[in-house]
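*Asks:* This is the structure, below, for whatever I ask next.
The values are calculated or read from the model by the stated rules, or taken from the named source; none is laboratory data. Note that this is a predicted model, so its numbers are computed, not measured. All Cβ positions, even for glycine, are placed from backbone atoms using ideal geometry, and neighbour counts span all protein chains on display. SASA here: full protein model, heavy atoms, side chains in, ligands and nucleic acids out. Shrake-Rupley method; radii C 1.70, N 1.55, O 1.52, S 1.80 Å.
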Amino acid sequence: MNPAFFILLGGFLAWLTLYLLGLRTFKGAEFILGLFIFFFAMLLQGLVQQGAFVLAGIKSNKDIIERGLMLVASLWVGLSAGFIQEGVKFALVRDKSKRQGGFVGLGFGIAEVFAVIINIAIINFKGLTPDVPFLMGMLSLAERYLVVLFHVATTILLAGASVRTFLALTGIHTVVDTLAAYYQLTRLVDPVKSVKILIITEAVLGLVVLVLLIYALPQALKEEEKEEVIW
């Protein structure tokens, strides 16, 4: 099955979950800001990550594997992704309300959904078949569902936050993305093992998202309730 369907469904279900939990009054300007933040962060992240690999003489994943640098490379990818993504979000939402931060995070997460789908479309255009088994499709759905919620929760917490909060969220993001990067590399050398790593990664992400949402979402909903009061 085409993974694009599962990824799109995962993003939609994440948005629906937020709506059902009470985050309903749409903030269009902040959502659009989140879209732009995503693409800016990805551009900056790509330059920083690939720049380091080029300086180290690494030109491909094959080089990383042959040099035995899978763990080191995964950690670098996770660390740079955590600092850059959370850093860009922090810089642009620290003066916003919690509810505004939530929709910036939603825009960021939905932009990533479509970025992944575009990558799949490019693979299709090149004549390759990105079809996956149903189980892997469901794992992709779960991953995208959790990632969108992760970005919403972290951006809520970054709104009006301190540098300490930013560093804590960067650390959490680093762990999650390090596991994800290690899964991608392991998939090239041991597909069976990589599935186990993917399941562990999603279990960790699921736990993180649950804790962050329990802490973050009530803060955004409290602001929404105040705005809805008619005097």
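*Asks:* Go through Glu143, Glu112 and list them by solvent-accessible area, largest first, probe radius 1.4 Å.
*Replies:* The residues order as Glu143, Glu112, largest area first.
*Asks:* Show Met138, Met42, Met1 ordered by accessible area, largest first, where the area counts protein heavy atoms only and the probe is 1.4 Å. It would help to have the intermediate numbers written out before the result.
*Replies:* On the way: Met138 80, Met42 60, Met1 110 Å².
Ranked list, largest accessible area first: Met1, Met138, Met42.
*Asks:* So what's the Cα pair-distance distribution over the chain, bin width 10 Å, in %?
*Replies:* 8, 31, 37, 19, 5, 1, 0
*Asks:* Between Ile65 and Phe36, 0.36 nm times their residue separation minus their Cα-Cα distance comes to what? Don't skip to the answer; put the middle values down first.
*Replies:* Numbers: separation 29, 0.36 × 29 = 10.44 nm, distance 3.37 nm.
Extra length available between Ile65 and Phe36 comes to 7.1 nm.
*Asks:* Can you divide the C-alpha Rg of region 78-197 by 2.2 N^0.38 Å and report the result to two decimal places?
*Replies:* Values: Rg = 16.1 Å, N = 120, 2.2 N^0.38 = 13.6 Å.
Normalised by 2.2 N^0.38 Å, the Cα Rg of region 78-197 equals 1.19.
*Asks:* Take each uninterrupted DSSP H stretch in the chain, measure its Cα extent along the helix axis, and return the ones at 30 Å or beyond whose mean Kyte-Doolittle hydropathy is at least 0.5. Don't jump to the answer; show the numbers that get you there.
*Replies:* Details: long enough: 28-55 (41 Å, 1.74); 70-93 (34 Å, 1.45); 98-125 (40 Å, 1.27); 134-158 (36 Å, 1.66); 163-189 (39 Å, 0.84); 191-227 (51 Å, 0.97).
The qualifying helices are 28-55, 70-93, 98-125, 134-158, 163-189, 191-227.
*Asks:* Got a sec? What order do Leu20, Leu33, Leu212, Leu92 fall in by accessible area at 1.4 Å, biggest, i.e. largest, first? Don't skip to the answer; put the middle values down first.
*Replies:* Values: Leu20 115, Leu33 50, Leu212 15, Leu92 85 Å².
Listed by decreasing accessible area, they come as Leu20, Leu92, Leu33, Leu212.
*Asks:* So, one more: Going Cα to Cα from Lys96, which lysines come in below 23 Å? Please leave out same-chain ones fewer than 8 positions away.
*Replies:* In chain and number order, the partners are Lys27, Lys222, Lys226.
*Asks:* Once you put a point 7 Å from the Cα of Asp190 and another 7 Å from the Cα of Gln50, both along the Cβ direction, what distance in nm separates them?
*Replies:* Calculated label separation equals 3.0 nm.
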